[in-house]
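Just so it is clear, none of the values below were taken in a lab; they were calculated from the coordinates. Note that the coordinates shown come from a computational prediction; the quantities given were computed from them, not determined experimentally. Note: ideal-geometry Cβ built from the backbone for every residue, glycine included; neighbour counts use all protein chains shown.
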Amino acid sequence: MTSITAPRGTRDILPGESWKWEYIINTASQTMKDFGFSEIHLPIFEHTELFSRGVGETTDIVEKEMYTFTDMGGRSITLRPEATAGVMRAAIENKLCVQGASAKLWNWGPMFRYERPQKGRYRQFYQIDAECLGIAGPYADVEVISLSIELFRRLGLKNLEVVINSVGCEKCRPVYREKLLKYFEAHKDELCETCLARMGRNPLRILDCKKESCGHVADGAPDIYDSLCDECREHFAEVRAGLERLGFTYTLNKRLVRGLDYYTKTAYEILSGDLGAQNAVAGGGRYDNLASAIGGGKIPGVGFACGVDRVMLVMEEQGCTFGKVPEISVYVAALDDNSRGVAQILTHELRMNNITAGFDTAGKSFKSQMKNASACKFACIIGPDEIANNVVAVKNLGDGSQVNVERSEVVKYIQGKIQ
Ligand code: AMP
């Protein structure tokens, strides 16, 4: 029979990597706390409508990348392709932002998109996501952008570029859309098929087409800054001033529109030069119309999502450290079969006192137990003589020295040595 492999675009995160993963999440958790964000846990699947209405019918995600199925009850369900819509749904449903209240929320977990897999792009990938809901002013945008920059600083990532843009609002974007349409209409012959299809539905997306010929056309397109209304222009200027106040450098890119329809005003990405084609480690922005699109009235919001898989790739590439390498402090080895039970009791006692302890459950020889112990700080050796004398032989695996310690004193002895 042929063996079953993981589905295309998914991968296993094995013990050799999972402790590094834990370091990234723990660092994010602490950073979020320091910025006043609280963690929430959300369903991994939602009603399909949340994404078709929230993310936008004409986006790549909704048109061709969602894992959608009908459940046993006949409902259309989708594995979440992104987190923001779910966070907003939860805030509305649980009334977190009523009567002018705001909420700063973060979460992390798997997202699902049916994309063409390549380095840094998977069908199941992981995001750390932060959303600041209920605040319309530019200080919130700066808070979110600075949070993502600080997270990457703590993780030790280097050579990152912060790229920002404003995509306007429902007042000024239609005007810009018309100008763009007119311009692209005149350059129809130079656009790729996908962009031609985008013309009628979402011409802004042509701006971030990666094809060279479309890129040339997009470079000459009307500038969005000339079309921004006063409110959007002022908001953008204040976001930029805030970033400068905090000493951050950034690049302006009028072609940054991002793949989700819900963005208004600020859009931004953080790029790494060490990732190849999939170079964004995080992206986000403001989405003041998302709540109303999913039936929740007027709740402004701004947030970002960072790709954990990509952060991991960059950290490996740049030789970043992942905190302390996990280690077992003590290995309890039994000299013969009759001593295994006593060794198991001591192992459990050590663990009950928060000491990481290893013990052989496979019935291996003393020699191979000691081989396992070699990565530990101490070995506690128990054989017939030790049992008869009510002691444990404690071997310091660093310098090779060995002492007999009273059985009842072992935990205290080890505690004193590993602090
Ligand atoms: P988005 O939700 O598209 O704004 O993406 C936010 C971040 O998630 C990106 O900057 C990437 O770091 C990461 N990301 C998005 N799609 C994928 C994917 N298919 N595989 C791995 N990471 C992804």
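Provide the FRET efficiency to the nearest 0.05 for the SER18-ASP208 pair, computing r from the beta carbons and using R0 = 25 Å.
The value I calculate is 0.15.
Can you give the convex hull volume per residue for the Cα atoms of region 192-259, as a whole number of Å³?
Expressed per residue, the convex hull around the Cα atoms of region 192-259 is 107 Å³.
Give a quick list of trypsin sites (Lys or Arg not before Pro) in region 1-38 that DSSP marks as loop, anything other than H, G, I, E or B, with at most 11 other Cβ atoms within 10 Å.
Sites meeting the loop and neighbour criteria: ARG8.
Can you list the GluC sites (Glu not before Pro) in region 314-400 that are in a DSSP coil and have 11 or fewer other beta carbons within 10 angstrom?
The qualifying sites are GLU327.
At 0.36 nm per residue, minus the direct Cα-Cα distance, what do PHE248 and ARG153 gain on full extension? Give it in nm, one decimal, please.
33.0 nm
Which cysteines does the chain leave without a neighbouring Cys Cβ under 4.7 Å?
CYS97, CYS132, CYS169, CYS192, CYS195, CYS232, CYS306, CYS320, CYS376, CYS380
Can you compute the FRET efficiency between GLN344 and LYS95 using 1/(1 + (r/R0)^6), with r the Cβ-Cβ distance and R0 = 41 Å? Round to the nearest 0.05.
The formula returns an efficiency of 0.20 here.
Running a GNM on the chain with Cα contacts under 10 Å, which residue among ASN94, ASN289, ASN279 ends up with the highest mean-square fluctuation?
ASN94
Using a simple charge model, +1 on the beta-carbon of Lys and Arg, -1 on the beta-carbon of Asp and Glu, nothing else, what dipole does region 249-388 show about its Cα centre, in debye to the nearest 20?
700 debye
How far apart, in nm, are two points set 7 Å out from the Cα along the Cα-to-Cβ line at THR10 and at GLU178?
Between THR10 and GLU178, the label points sit 4.9 nm apart.
Amide H neighbours of SER166 under 5 Å, at least 5 residues apart or on other chains, H built in the peptide plane: list them.
ALA267
With only Lys, Arg, Asp and Glu charged, each at its Cβ (+1 for the first two, -1 for the last two), find how big the charge dipole of the chain is about the Cα centre; round to the nearest 20 debye.
So the magnitude is around 220 debye.
Quote the FRET efficiency, to the nearest 0.05, computed for THR321 versus MET199 with a Förster distance R0 of 60 Å and r equal to the Cβ-Cβ distance.
0.80
At 7 Å along the Cα-to-beta-carbon direction for both GLN124 and SER365, put a label point, then send me their distance in nm to one decimal.
So the two model labels end up 4.1 nm from each other.
Quick one: grab the alpha carbon gyration tensor of region 42-155, order the square roots of its eigenvalues as a ≥ b ≥ c, and give me rounded if a/c is under 1.5, else prolate or oblate depending on whether a/b is larger than b/c.
Oblate, since a/c reaches 1.5 and b/c is not below a/b.
For the residues VAL98, VAL394, VAL167, what sequence is obtained by ranking on other C-beta atoms within 10 Å, fewest first?
Placing the least packed residue first, the sequence is VAL98, VAL394, VAL167.
List the residues whose amide H sits under 5 Å from the amide H of GLY109, counting only those 5 or more places along or on another chain, with H placed 1.01 Å from N in the peptide plane.
GLN127
Taking θ = phi - 60°, what integer Hz values does the Karplus form 6.51 cos²θ - 1.76 cosθ + 1.60 yield along region 88-104, in sequence order, with x for Gly and Pro?
Values per residue, Gly and Pro as x: 5, 4, 5, 5, 5, 4, 9, 6, 7, 10, 7, 6, x, 6, 10, 9, 10 Hz.
Just to confirm the number: angle between the C-alpha axis of helix 173-186 and the first principal axis of the chain, 0 to 90 degrees, nearest 10?
80 degrees
In deg cm²/dmol and to the nearest 500, what is the mean residue ellipticity at 222 nm of the chain if only DSSP H runs of at least 4 residues count, each as -39500 (n - 2.57), divided by the residue total?
One gets -11000 deg cm²/dmol as the mean residue ellipticity at 222 nm.
Whole-Hz ³J(HN,Hα) for each residue in region 12-25, computed from phi via Karplus 6.51 cos²θ - 1.76 cosθ + 1.60 with θ = phi - 60°, x for glycine and proline: what do you get?
Each residue of region 12-25 in turn: 8, 9, 8, x, x, 10, 5, 6, 6, 4, 4, 5, 5, 5 Hz.
As I understand it, the dipole of the chain uses +1 on the Cβ of Lys and Arg and -1 on the Cβ of Asp and Glu, about the Cα centre. Which of LEU105, CYS320, LEU252 lies farthest toward its positive end?
Final value for the positive-end residue is CYS320.
Only loop residues by DSSP count here, and only those with at most 10 other Cβ atoms within 10 Å; note down the trypsin sites (Lys or Arg not before Pro) in region 152-239 that meet that.
Of the trypsin sites (Lys or Arg not before Pro), the ones in loops of region 152-239 whose Cβ has at most 10 other Cβ atoms within 10 Å are LYS210.
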